[in-house]
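Report on the structure given below.
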Amino acid sequence: MAGRRGALIVLEGADRAGKSTQCRRLVQALRDGGHRADLLRFPERTTEIGQLISSYLMKEKDLEDHTIHLLFSANRWEHVPLMKEKLHQGITLVVDRYAFSGVAFTSAKELRPDEAAGRGDFGSERYENSSFQEKVLQSFYHLMKDETLNWKTMDASKTIEDLHREIKSIAEKTIQEVHNKPLGELWK
Ligand code: Z5A
Ligand code: MG
């Protein structure tokens, strides 16, 4: 409907929580329900900045901590004009990680930089070890105290189907609630 904006729906969480699975399912379900919806992910590895980030995560490249932090941030900023345009056009954006990951991962490094690298058992990418992920989680809990953002917590141990139903229902409600509200700005 004319003048209705889309909602910005971000899924955040620890490694392997099921974010990508749920983002894909949500976009499909929203489209099936007649909504206009697009999927975005960060890092978006296809841009030049994204390729640098990807080689850092795959440990092919070493980058200084501030440098990689700013590259993750730049990778989001390079998509902001398109994101705003889509939201104004009434397209809901389902985003697989966003600026909260940027804060949570960098601040987890600052807590104990010595533990940031070199542990196995999770996956082979940088950051994929359980003690680091625990710090990331604490950082997410801290960020969730910001009541200006409409956070909902999901229990990622539920089945894919149950989580999908919950997330879809929250997303549909949110789309209705924000459609005539102006776009806000994060951390301003
Ligand atoms: N990072 C950063 O440092 N700074 C930033 O600014 C940003 C990111 C934006 C890469 O992110 C890294 O970048 C990440 C944060 C950092 N480092 N870490 N960790 P990524 O998003 O590309 O990758 P990831 O999030 O680490 O991992 P992931 O593999 O994408 O996890 P996921 O998307 O949450 O999970 P999934 O792929 O949907 O599911 C994983 C598996 O579990 C899969 O086999 C599913 O079928 C299964 N699954 C999913 N849900 C369930 C349920 N409910 N039950 C059982 N099994 C399930
Ligand atoms: Mg993922």
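Summary value for the chain: 34 percent relative contact order, contacts being C-alpha pairs under 8 angstrom separated by 6+ residues. Can you give me the Cα centroid spacing of the stretch 14-40 and the stretch 123-188 in angstrom? That distance is 13 Å.
Structure shown: which of 86/168; 135/181; 59/84 lie over 30 Å apart, alpha-carbon to alpha-carbon?
The pairs that break the limit, which is 30 Å between Cα atoms, are 135/181; 59/84.
Between residue 150 and residue 137, full extension at 0.36 nm per residue minus the direct alpha carbon distance yields a gain of 2.9 nm.
Hey, could you get me the Stokes-Einstein D for the chain, Kirkwood radius over alpha-carbon pairs, 20 °C and 1.002 mPa s, rounded to whole µm² s⁻¹? List each step's numbers first, then the result.
Values: Rh = 17.6 Å.
In µm²/s, the coefficient is 122.
Read-outs throughout are calculated quantities, based only on the coordinates presented, and are distinct from any laboratory measurement. All values derive from a computational prediction rather than experimental measurement.
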